[in-house]
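Undergrad: Take a look at this one; I'll ask things after.
The numbers here are math on the coordinates, done by the rules we state, and not lab data. Predicted model only: the values in this text are computed from it and were never measured. Cβ sites come from the backbone with ideal geometry, for glycine too, and all protein chains shown count toward neighbours.
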2 protein chains.
Amino acid sequence: MTQGAAGRLAIIAGSGFLPYYVAEAAQQSGETPFIIRLKNEADLDWTKFENVSISVGDVSALGKLLSAQGIDRVVLSGGVSRRPEWREIRPNFKMIAKMPSIIRTLLSGGDDTVLQMVIRLIEAQGARVIGAHEIAPGLLATTGALGNIAPGDDDHRDIAKAAKAALALGALDVGQGSVSVGGRLVALEGVEGTDGMLARVASLRAEGRISSRRKGVLVKLCKPQQDIRADLPTIGPSTVENAAKAGLAGIAVEAGRAFVLDREVMLRVADDAGLFVCGIDVGLAGEMM
Amino acid sequence: MTQGAAGRLAIIAGSGFLPYYVAEAAQQSGETPFIIRLKNEADLDWTKFENVSISVGDVSALGKLLSAQGIDRVVLSGGVSRRPEWREIRPNFKMIAKMPSIIRTLLSGGDDTVLQMVIRLIEAQGARVIGAHEIAPGLLATTGALGNIAPGDDDHRDIAKAAKAALALGALDVGQGSVSVGGRLVALEGVEGTDGMLARVASLRAEGRISSRRKGVLVKLCKPQQDIRADLPTIGPSTVENAAKAGLAGIAVEAGRAFVLDREVMLRVADDAGLFVCGIDVGLAGEMM
């Protein structure tokens, strides 16, 4: 799908393993990806790829890089946990023209509006932003149980409950995940992220504030209004480990719109811990199908 | 408003200070309240009032108490952080007739459905459940700034944003509170409660995952579908202290549908810390007025 492209592919890499898998998938499809590591976010060893580090707010350096490297396509990949402070942002001329709306968005936008702005700023530098799933379609979750364990009836009820909540909070542009235990919503993901939320569920369980007899489910879904070129929900072995520590029965993500990292390792961890991992279909109206 | 009642008033007391203030208000209006302390929840010294302790699930003992004490009105007040495990519930005959729906509700209902069931069970014993605000109307928040500090323009924007989120999660029957910082929703309250959520905001702030330059606001609202006879949002001095630790600019609650405990102490703490506390009007459609 990326064959015949005239220019080079860049991967702007945030935290976590996703950007690395995307880079490897790009390499396997014949690309020579150029990695733009985000300072304080990209936390892997990137020496295997040509790479450079820039500050999150340094759009000026980004513009120069894109043209110097002949980059025509950019993938945004990985987490960005910290927003740039205003003083860190080094504007270029294109940015200055849009300054008031940029300031407003950075200061007060939800994650989704900030992402939209970042995409527009990159495209104003002359490159096209494409989705990581276009480079690495093999990382997307498929429908149904991914490992050896399938969700049971109680789990399906928890999945439906948590999915409804995940869509509602996605619409508010807060987070992508929620946890339902025995049909009761117990946690909604905010800025703390999925692992932070699972740690909270684990300690609420230890304190006896969540049933010790009902397991429960983590659901992660795309925000309904989300641009799928950035920030698709992602799970991997550590998500399964944290779900196990929280005493959950399993994890459900949106088929075709969530990344599964280290699939083999993750499913071995899940099978060993007795957890299911499954892909679900979510209709446009948020109905489970 | 409680004058001329034929029977005695009981207060089923959960955790926190609210039940104590309700008991004092009842006493001041000429009642002799009988306190039913919930085991593992009621955490104050209740020796000043006639009182007895029962398990959360012990509806049978509750029925006997109500008739032995000639109780015709019951106030539910304070927090219940732990649901009864099934084995702790000692049913009486009235309960057994409704057993399947009770089991279903206790195991899987949201907080609101569980409260509705508790209210129905108590009323099946022959007493009427009334709201704490009917006994202690002086504890309700009023409209506008309660202390010396009023919210500014940025704060009003955060209030509107967090209020919208609080209503949405209330509709999901998850929690009553949310935090918006610089127009960005950062935390939604789940089973951990308001103080747990504020502690999370404080640590996200310390980790640099929330702007250090924008303060933000906590909003607590009634769930839209909530029975106002139980579980009205409550704030007090410790809420203000925790909001200050989380670096917030202030707190907004729903006027007429939220309790303010220890008002004088709380407002002194708020004024000293530079925080506003205000009551807001929320329209039926969730519009700020």
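Undergrad: What number comes out for the charge environment of B:PHE17, summing +1 per Lys or Arg and -1 per Asp or Glu over other residues with Cβ under 12 Å away?
TA: Around B:PHE17, the surrounding residues sum to -3.
Undergrad: Just rank B:ASP281, A:ASP158, A:ASP58, fewest to most, by other beta-carbon atoms within 10 angstrom.
TA: Ranked by crowding around the Cβ, least crowded first: B:ASP281, A:ASP58, A:ASP158.
Undergrad: What distance in nm separates the two pseudo spin-label positions at A:THR142 and B:HIS156, each 7 Å out from Cα along the beta-carbon direction?
TA: 5.6
Undergrad: Taking loop as defined by DSSP and a crowding limit of 15 other beta carbons within 10 Å, which trypsin sites (Lys or Arg not before Pro) in the range B:24-57 fit?
TA: Hits after loop and neighbour filter: B:LYS39, B:LYS48.
Undergrad: Let me ask you something else. What are the ³J(HN,Hα) couplings of the range B:128-141, residue after residue, when phi is run through the Karplus curve with 6.51, -1.76, 1.60 and θ = phi - 60°? Round to Hz, x for glycine and proline.
TA: Each residue of the range B:128-141 in turn: 9, 8, 10, x, 4, 5, 6, 8, 10, x, x, 7, 6, 5 Hz.
Undergrad: Report, by chain and number, residues whose modeled amide H sits under 5 Å from the one on B:CYS278, excluding near sequence neighbours (fewer than 5 apart, same chain).
TA: B:LEU146, B:ILE251, B:ALA252, B:VAL253
Undergrad: Please figure out what share of the DSSP beta bridges in the range B:139-289 is antiparallel and state it in percent, rounded to the nearest 5.
TA: Restricted to the range B:139-289, the bridges split so that about 50 percent are antiparallel.
Undergrad: Please list, in order along the range A:240-250, the HN-Hα scalar couplings obtained from phi with the Karplus expression 6.51 cos²θ - 1.76 cosθ + 1.60 (θ = phi - 60°), rounded to whole Hz, x for Gly and Pro.
TA: Going residue by residue, I get 5, 4, 5, 5, 5, 4, 7, x, 7, 7, x Hz, with x marking Gly and Pro.
Undergrad: Once the label point is placed 7 Å from Cα along Cβ, list for B:GLY152 the distances to the corresponding points in the other copies, in nm, shortest first.
TA: Result for B:GLY152, in nm, nearest copy first: 5.6.
Undergrad: Which value at 222 nm does chain A reach when only helices count, each DSSP H run of 4 or more adding -39,500 (n - 2.57), with the total divided by all residues and rounded to the nearest 500 deg cm²/dmol?
TA: -11000 deg cm²/dmol
Undergrad: Excluding B:GLU254 itself, what net charge comes from residues whose Cβ is under 9 Å from its Cβ, given Lys and Arg +1 and Asp and Glu -1?
TA: The answer is +1.
Undergrad: How much of the DSSP bridge set in the protein assembly as shown is antiparallel, in percent, rounded to the nearest 5?
TA: 30
Undergrad: Here's something else I'd like to know. Pairing the Cα long axis of helix A:111-124 with the longest principal axis of chain A, what angle in degrees results, from 0 to 90 and rounded to the nearest 10?
TA: So the helix axis and the longest Cα principal axis differ by about 30 degrees.
Undergrad: Only residues of the range B:229-258 count here: report those whose backbone N is under 15 Å from the spot 7 Å along Cα→Cβ of B:ARG268, or say none.
TA: Once the point is set 7 Å along Cα→Cβ of B:ARG268, B:237-238, B:241 turn out to lie under 15 Å by backbone N, inside the range B:229-258.
Undergrad: Using DSSP to define loop residues, name the trypsin sites (Lys or Arg not before Pro) in the range B:180-289 whose beta-carbon has at most 15 other beta-carbon atoms within 10 Å.
TA: B:ARG213
Undergrad: Further question on the same structure: Give the order of A:LYS161, B:LYS164 when sorted by the count of other beta carbons within 10 angstrom, beginning with the fewest.
TA: Ranking A:LYS161, B:LYS164 by Cβ neighbours within 10 Å, fewest first, gives B:LYS164, A:LYS161.
Undergrad: Tilt of helix A:153-171 relative to the longest C-alpha principal axis of chain A, in degrees (0 to 90, nearest 10)?
TA: 30
Undergrad: Local charge sum around A:LYS48 (other residues, Cβ-Cβ under 13 Å, Lys/Arg +1, Asp/Glu -1)?
TA: That sum, taken over residues with Cβ under 13 Å, equals -2.
Undergrad: Here's something else I'd like to know. Relative to the other copies, what are the label-point distances for B:GLY138, with labels 7 Å from Cα along the C-beta vector, expressed in nm at one decimal and sorted shortest first?
TA: Here B:GLY138 shows inter-copy label distances of 7.3 nm.
Undergrad: Could you pull out the pairs from A:LYS215/B:LYS161; B:LYS39/B:LYS223; B:LYS39/B:LYS220; A:LYS161/B:LYS39 whose alpha carbons sit more than 29 Å apart here?
TA: Flagged as over cut-off: A:LYS215/B:LYS161; A:LYS161/B:LYS39.
Undergrad: Right, another one. Every other copy gets compared here: list the nm distances from the A:THR47 label point (7 Å along Cα to Cβ) to its counterparts, shortest first, one decimal.
TA: Nearest first, the other copies' label points are 7.0 nm away.
Undergrad: If neighbour count is taken as other Cβ atoms inside 10 Å, put A:LEU248, B:LEU115 in order from fewest to most.
TA: The fewest-first ordering by Cβ neighbours comes to B:LEU115, A:LEU248.
Undergrad: In square nanometres, what is the average projected area of the Cα convex hull of the protein assembly as shown?
TA: With every direction weighted equally, the projected area is 27.5 nm².
Undergrad: From the convex hull of the Cα coordinates of chain B, what is the mean projected area in square nanometres?
TA: Computing the convex hull of the Cα atoms and averaging its projections yields 15.2 nm².
Undergrad: Note the direction-averaged projected area, equal to a quarter of the hull surface, for the Cα convex hull of the range A:217-284, in nm².
TA: 4.5
Undergrad: Nearest 10 degrees, 0 to 90: what angle lies between the long axis of helix B:193-206 and the longest principal axis of chain B (Cα atoms)?
TA: 20
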